[in-house]
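Visitor: My questions all concern the structure below.
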Amino acid sequence: MAPLPFIKAHGLGNDFVIIDTRLNGRVPNAAEAARIADRRRGVGCDQLIVIAPPHASAAGANGTRAGGTPDADAGLADVRLIILNADGSEAEACGNGTRCAASLLMQEAGRNHLLLETAAGLLDAELLADGRVSVDMGLVRLDWREIPLAKPMDTLHLDLVQGPPGAQLADPVAVNIGNPHCVFFVDDAEAIDIERLGPAIERHPLFPARTNVEVATVLAPDKIRMRVWERGVGVTLACGSGACATLVAAARRKLTGRHATILVDGGELEIEWLKDQHVRMTGPVAISYTGTLDPALLNGAA
């Protein structure tokens, strides 16, 4: 097995190891992904992003884009992204990871637009004049079956309470933005012990596919402070799909409009819930370094 080149990138501190398998075709398995993501024995990252050739027909169900919007370019994705969490589990969507990979690919191709195939559907990415990258994260899904939940429930007000008396999280909003999210609105997001509460909510029986967990404080009609526990990862400095879900949840609760700046631990993301029910996320990306993965790491000998 030859050494495998990689690029380390991040979006507001939400960090990724990106590998390109378009030539060798070898996608790391779950155990290998977890070893790469290990911050002491591996490279360390929140997610592993694998660039692969698109499927022959890279469209969502019935030839549609992410979220079910008809697309004349269905089947014409430039690349496919496979997203593996730090624990090796596969994620359907990763907003910041998509932006980082898209930035690299657009620079490589000398383009300012790409269509990317993901498990959540086809996502449009655009390189803006100021260097930021914007991604259409697809259609918001709000029905309890689409989250998914284990039983019928109003997704605007979930019957869910977690934590000890006096320090409880309650009455969250459920949103699927390619992956499941559970958003709690609180007086002070900084005061919430999300490291303690996040794991139990992620694996609550209400969420058969587990869930990402956000705690958010609305600061103004166009500004929200958010912290996140990511499914399969833990606390991260930023979460693109989580920021999208938080804006949608706030707008549904009529706490904000449909456009806001989301303040995460690592910086700011600009989120807009469009009239066609898609959500667009915009923010910066950065490359940290490049390197090669030693075969000993991949096979567990390191």
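Visitor: On average, how much accessible surface per residue is there in the chain, in Å², for a 1.4 Å probe, leaving out ligands, DNA and RNA?
Guide: Heavy-atom SASA per residue in the chain reads 41 Å².
Visitor: Can you pull out the trypsin sites (Lys or Arg not before Pro) in region 235-264 that DSSP calls coil and that have at most 11 other Cβ atoms within 10 Å?
Guide: Hits after loop and neighbour filter: K254.
Visitor: Kindly provide the helix-only [θ] at 222 nm of the chain, computed as the sum of -39,500 (n - 2.57) over DSSP H runs of four or more divided by all residues, to the nearest 500 deg cm²/dmol?
Guide: -4500 deg cm²/dmol
Visitor: A further question on this structure: For region 125-206, run through the trypsin sites (Lys or Arg not before Pro) and keep only the ones in DSSP coil with at most 15 other Cβ atoms within 10 Å of their Cβ.
Guide: R145, R203
Visitor: Cross-link candidates for K275: which lysines have Cα within less than 23 Å, leaving aside residues fewer than 8 places away along the same chain?
Guide: Qualifying lysines at Cα under 23 Å: K223, K254.
Visitor: Could you work out the relative contact order of the chain, using alpha carbon pairs under 8 angstrom and six or more residues apart, expressed as a whole percent?
Guide: RCO, the chain: 20 percent.
Visitor: Return the whole-Å distance between the Cα centroid of region 85-141 and the Cα centroid of region 250-283.
Guide: Using only Cα atoms to place each centre, the spacing works out to 17 Å.
Visitor: In whole percent, how big is the carbon plus sulfur part of the accessible area of the chain, probe 1.4 Å, protein atoms only?
Guide: Ligands and nucleic acids excluded, carbon and sulfur reach 50 percent.
Visitor: For a distance above 37 Å, tell me the whole-number percent of Cα pairs in the chain that qualify.
Guide: In whole percent, the long-distance tail amounts to 11.
Visitor: Can you pull out the trypsin sites (Lys or Arg not before Pro) in region 16-58 that DSSP calls coil and that have at most 13 other Cβ atoms within 10 Å?
Guide: Qualifying residues, ordered by number: R22, R39, R40, R41.
Visitor: Which one, A125, P165, S103, projects farthest toward the positive side of the charge dipole computed for the chain from Cβ point charges (K/R +1, D/E -1)?
Guide: The listed residue farthest towards the positive side: P165.
Visitor: Report, in cubic angstrom per residue, the convex hull volume of the C-alpha atoms of region 87-177.
Guide: 156 Å³
The values are calculated or read from the model by the stated rules, or taken from the named source; none is laboratory data. Quantities reported herein were computed from a predicted structural model and do not represent experimental measurements. No Cβ is skipped: glycine too gets one built from the backbone with ideal geometry, and neighbour counts run over all protein chains shown. Quick note on the areas: whole protein, heavy atoms, side chains included, nothing else; ligands and nucleic acids left out. Shrake-Rupley method; radii C 1.70, N 1.55, O 1.52, S 1.80 Å.
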